[in-house]
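Read the structure below first, then the notes.
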Amino acid sequence: MASAQPAIRVNGVSHQFGEPGEARYVQALLDTSLDVTRGELLCLIGPSGCGKSTLLGIMGGLFAPTTGAVAVAGKPVRGPMPRDLAFVFQESALFPWNTVRENVMLGMTFQGVAKAERGARARRALEAVGLIDFAEHYPGQLSGGMRQRAALARALSLETDILLMDEPFGALDEQTRMVLGEDLSVLLSRSNKTIVFVTHSLGEAVFLADRVAVFSARPGTIKQIIVVDEPHPRKPSFMTAPKFHALRDQLYGLLHDEIRKAMSETTQPRRRYGQTGPAETDGERV
Amino acid sequence: MNGDGRKNAPHRLSSRLVQVAFLAIVLLAWFLATTRWGVSRILLPNPVNVWHQLIDIVASGAFIPDLRITLGELAGAFAISMSLGVTIGYLISRSRYLIRVFEPLLAAIYAIPIILFLPLYVLLLGLGPASKIALGATISFFPIVLSTIAGFGYVDRRLVTAARSMGANNIQMFRYVLLPAALPVVLAGLRLGFTVALLSVIASETIASFAGLGHHIVDLAENMDTARMFAYIVFVIAIVAFLNAVVSTIEGRARW
Ligand SMILES: Nc1ncnc2c1ncn2[C@@H]1O[C@H](COP(=O)(O)OP(=O)(O)O)[C@@H](O)[C@H]1O
Ligand SMILES: [Mg+2]
């Protein structure tokens with residue numbers, strides 16, 4: 001019975017920002033339903049602005065959907081659930097005034113891990129992502145790829161069953177992203193984590209995912225789910241296999257029309273709320 | 001970085017040299033003006049005289065009562081502007097709406113010459129320290145409140161979201177996210193507030209008061225005791241430079 005219960009159940013979720021008539025009114029998600037199976041890696045892919053980050057935030061209890069409901073391990077989501085799921089964000093979600101180790105420790109402080117346990121857990125997580133030698137570095141001293149590995153270590157140290165990753169490698173170059181993808185695949189094959197992974201890269205989606213959920217243009221809803229039947233850890237050779245290319249092409253076909261739709265609909269530059277905080281520039285406001 | 005340092009070293013040395021030479025020339029011109037070129041000693045005292053006066057001021061301790069008053073006024077003014085500025089700034093920063101209303105308003109008031117309030121404060125509080133404290137507090141309130149709003153009001157929302165997702169409660173959010181993010185900006189505002197409080201306290205002493213370093217300088221000017229007046233000016237400049245250096249050091253230490 002327990003195994004039949006999905007890790008995350010999204011039931012008829014719609015979400016709008018603002019009210020109709022307001023300048024910032026956006027219908028981000030429309031009647032989306034989705035079950036995330038325990039232990040799988042599910043990729044969300046879709047045109048930019050279709051509501052992927054919004055859905056991830058709703059799954060993690062960062063905000064409540066306008067209508068619909070989400071349950072994690074059978075429990076209705078009403079707010080952040082730090083013991084059940086951990087986030088990895090696109091970039092800069094590390095505290096710049098703390099070292100890598102302090103960042104990892106702080107996450108556990110927030111989550112409520114006993115003090116005696118934090119040191120060992122931090123070491124294990126940093127070893128798992130290969131960053132133990134950089135534990136005393138500040139995020140500003142690391143490359144983009146290392147910063148994302150540090151963010152992953154922070155999430156891993158929380159030892160949650162579920163990881164929600166929002167374009168974690170999105171700001172990195174292709175090569176770094178491929179290597180991190182391989183490492184992630186190895187890491188996952190050793191754990192039983194359930195992962196929801198937002199990406200805009202077709203290759204990344206096919207390489208990492210057990211299933212890929214393709215979004216329609218905004219208002220976003222899931223158009224189709226594609227299964228990638230290939231065991232983890234996946235080797236780089238998978239990327240040159242005919243199966244990989246067939247799946248990638250199928251995804252591209254599904255996405256193509258949606259991206260065109262999304263682009264023709266965007267008559268003004270897309271505004272991004274909540275993702276790019278003004279703090280960096282505003283530091284100079286004084 | 002090393003290469004840069006080597007490239008800049010001779011450059012830095014020569015500019016330091018030019019600065020010293022420039023000051024030496026000014027001093028020499030000053031000396032010659034009073035000894036050779038016949039400039040009135042009442043308008044421009046002899047630098048050697050000024051030096052002797054300065055030694056006398058420091059050695060005799062004649063400055064102590066005035067310094068005590070000026071520093072007392074400064075402490076009062078800064079204590080008021082710091083506590084009000086940080087508290088009010090923090091409260092405003094908690095709401096987008098309040099920031100939108102008050103930030104431009106405070107910035108606009110900051111831009112007017114607040115020294116115009118001095119006559120009003122003298123009228124209300126008299127010629128004693130209270131009016132200087134009130135003026136210093138008013139002037140230094142603005143950079144402090146504005147930097148506190150900027151520091152706490154524009155914390156990167158990704159960091160706040162990340163902390164919340166990991167279960168941070170309100171106290172932890174303040175202690176580990178908001179405070180370290182805001183501190184450098186708030187401290188810069190406090191340093192600026194301290195400087196303008198000091199300047200306005202001394203300036204208002206020269207305009208309307210019975211005591212304090214600023215008042216003493218005006219006294220000496222009115223008695224045509226220009227050599228001692230110059231010595232006092234040099235003394236006050238040294239005190240101000242010292243205080244600013246202390247405050248900058250504290251600010252530097254407190255950064256992450
Ligand atoms: N806090 C917000 N306020 C207003 N609009 C928002 C907010 N967050 C996101 N949006 C809008 O909702 C839509 C979906 O955003 P998002 O979920 O970030 O898309 P994606 O991650 O798929 O690129 C976009 O049009 C975006 O501009
Ligand atoms: Mg997004």
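Condition first: of a type in the set (Val, Ile, Thr), modelled with pLDDT of 95 or more, at negative phi and out of contact with any Lys or Arg (no Cβ under 6 Å at 6 or more places or on another chain). Can you find one or more residues in region B:117-133 that meet it? No, that holds for no residue. Quick one: in region A:230-286, which of the residues that are over 25 Å from the mean Cα position of the chain (by Cα), within 14 Å of another protein chain (Cβ to nearest Cβ) and open to solvent by 50 Å² or more (accessible area, probe 1.4 Å) is modelled with the highest pLDDT? Only one residue fits best here, namely A:THR281.
Of the helices (runs of 4 or more DSSP H) that lie entirely inside region B:98-167, those containing 1 or more residues that are within 14 Å of another protein chain (Cβ to nearest Cβ), touching a residue at least 12 places away in the same chain (Cβ under 8 Å) and open to solvent by less than 70 Å² (accessible area, probe 1.4 Å) span B:129-153, B:157-165. Look at B:THR195 and say whether it is without any contact (Cβ under 8 Å) to a residue 60 or more places away in the chain, in contact with a His (Cβ under 8 Å, 6 or more places away or on another chain) and away from every other protein chain (no Cβ under 11 Å). Judged against the criteria, B:THR195 is not a match. Note on region A:13-124: enclosed strands (runs of 3 or more DSSP E) holding 2 or more residues that are within 16 Å of ligand 2 (Cβ to nearest atom) and away from chain B (no Cβ under 14 Å) are A:26-36, A:41-45. The lone criterion from (1) farther than 26 Å from B:LEU179 by Cα; (2) out of contact with any strand residue (DSSP E or B) (no Cβ under 9 Å at 6 or more places or on another chain) left unmet by A:GLU136 is number (1). Flag: A:GLU167 matches the condition of being modelled with pLDDT under 95, crowded, with 21+ Cβ neighbours inside 10 Å, in contact with a strand residue (DSSP E or B) (Cβ under 9 Å, 6 or more places away or on another chain) and at positive phi.
Before we move on, is A:ILE132 of a type in the set (A, V, I, L, M) and away from every other protein chain (no Cβ under 14 Å)? Criteria met by A:ILE132. Number of residues in region A:73-91 that are in contact (Cβ under 8 Å) with a residue 40 or more places away in the chain and within 18 Å of A:ASP166 (Cα to Cα) equals 9. Tell me, yes or no, whether region B:195-211 has at least one residue that is within 13 Å of B:ILE57 (Cβ to Cβ) and outside any helix (DSSP H, G or I). Looking for residues that are within 13 Å of B:ILE57 (Cβ to Cβ) and outside any helix (DSSP H, G or I), one finds none in region B:195-211, hence no.
Here A:HIS200 clears all of (1) open to solvent by 50 Å² or more (accessible area, probe 1.4 Å); (2) in contact with a Pro (Cβ under 9 Å, 6 or more places away or on another chain); (3) within 16 Å of ligand 1 (Cβ to nearest atom); (4) under 20 Å from B:LEU159 (Cα atoms) except the condition numbered (4). If you check B:VAL177, B:VAL247, B:VAL218, B:VAL186 for being modelled with pLDDT of 90 or more and closer than 28 Å to B:ALA137 by Cβ, only one passes: B:VAL186. Filtering region A:78-98 to residues that are more than 16 Å from ligand 1 (Cβ to nearest atom) and open to solvent by less than 30 Å² (accessible area, probe 1.4 Å) leaves A:GLY79, A:MET81, A:PRO82, A:LEU85, A:ALA86, A:LEU94, A:PHE95, A:TRP97, A:ASN98.
Every residue in region A:32-76 that is under 20 Å from A:GLN5 (Cα atoms) and touching a helix residue (DSSP H, G or I) at 6+ places or on another chain (Cβ under 7 Å), please. Scanning region A:32-76 gives A:THR32, A:LEU41, A:CYS43, A:GLY60, A:VAL70. Residues that are away from ligand 2 (no atom under 16 Å from the Cβ), part of a helix (DSSP H, G or I) and either surrounded by fewer than 17 Cβ atoms within 10 Å (Cβ to Cβ) or hydrophobic (A, V, I, L, M, F, W, C) (or both) within region A:203-221 comprise A:VAL206, A:PHE207, A:LEU208, listed in sequence order. Output the residues belonging to region A:125-167 that are in contact (Cβ under 8 Å) with a residue 60 or more places away in the chain, in contact with a Lys or Arg (Cβ under 7 Å, 6 or more places away or on another chain) and part of a loop (DSSP other than H, G, I, E, B). Across region A:125-167, the qualifying residues are A:THR160, A:ASP161.
For the residues A:GLY18, A:GLY12, the requirement of being within 16 Å of ligand 1 (Cβ to nearest atom) and either loosely packed, with under 15 Cβ neighbours inside 10 Å or modelled with pLDDT of 95 or more (or both) singles out A:GLY18. Yes or no: A:LEU184 within 23 Å of A:THR54 (Cα to Cα), crowded, with 18+ Cβ neighbours inside 10 Å and under 16 Å from the mean Cα position of the chain (by Cα)? Here the answer is no, as A:LEU184 does not meet what is asked. When each of B:GLY252, B:GLY189 is tested for being more than 14 Å from chain A (Cβ to nearest Cβ) and assigned to a helix (DSSP H, G or I), the lone residue that passes is B:GLY252.
Taking each residue of region B:214-239 that is closer than 20 Å to B:THR34 by Cα and looking for partners that are of a type in the set (Phe, Trp, Tyr) and open to solvent by less than 40 Å² (accessible area, probe 1.4 Å) with beta-carbon atoms closer than 9 Å, six or more apart or interchain, yields B:LEU220/B:TYR232; B:TYR232/B:PHE63.
The values are calculated or read from the model by the stated rules, or taken from the named source; none is laboratory data. Owing to the predicted nature of the structure, the values given are computational and were not obtained by experimental measurement. We place every Cβ from the backbone using ideal geometry, glycine too, and count neighbours over all the protein chains shown. Remember, those area values only see protein heavy atoms, side chains included, never the ligands or the DNA or RNA. Shrake-Rupley method; radii C 1.70, N 1.55, O 1.52, S 1.80 Å.
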